[in-house]
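Quick notes on the structure that follows.
We did not get these values from a lab; they are worked out from the coordinates using the rules stated. As the structure is a prediction and not an experimental result, all values here were calculated from the model. Note that we place each Cβ from the backbone using ideal geometry, even for glycine, and neighbour counts take in every protein chain shown.
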Amino acid sequence: MDAELVTAATTSLVGAMTTSAWQTLRGRVAALFGRDREADVTAELETIREEVEADGDDAAARVWVRRALRENPELEAMLRQLLTEGQPQQINVRINTISGGQHGTTIMAGTINGNITK
């Protein structure tokens, strides 16, 4: 079993548990691992969420992910895809700083097109 995958899946699960994304992610994970027992998996995930919120520890989630992958090793590729879909696109950030005294209008921009007048 791939320890990196277990860690990534656990981190994603635990991270989503306290956000509005949890309902969607929980449903997708339950559908992926639940097959004919989706309601049972949903209940397991809710119990884990409650434990994580109460203890602040991801141990229950990590154990669940390991067990789920051990029981369904063929789902590793689909889990990797699910994790990849949840990754945000890379965002480039530029930080501009003004120091010293500044009087008047200041414009900070990466690119300015057109005629800029005051």
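Quotient of the Cα radius of gyration of segment 3-85 and 2.2 N^0.38 Å, N being its number of residues: 0.98. 3J(HN,Hα) along segment 53-70: 5, 6, 9, x, 10, 8, 4, 4, 5, 4, 5, 5, 4, 4, 5, 4, 6, 5 Hz, from the Karplus curve 6.51 cos²θ - 1.76 cosθ + 1.60 with θ = phi - 60°, whole Hz, x for Gly and Pro. Ordered by the count of other Cβ atoms within 10 Å of each Cβ, fewest first, ASP40, ASP58 give ASP40, ASP58.
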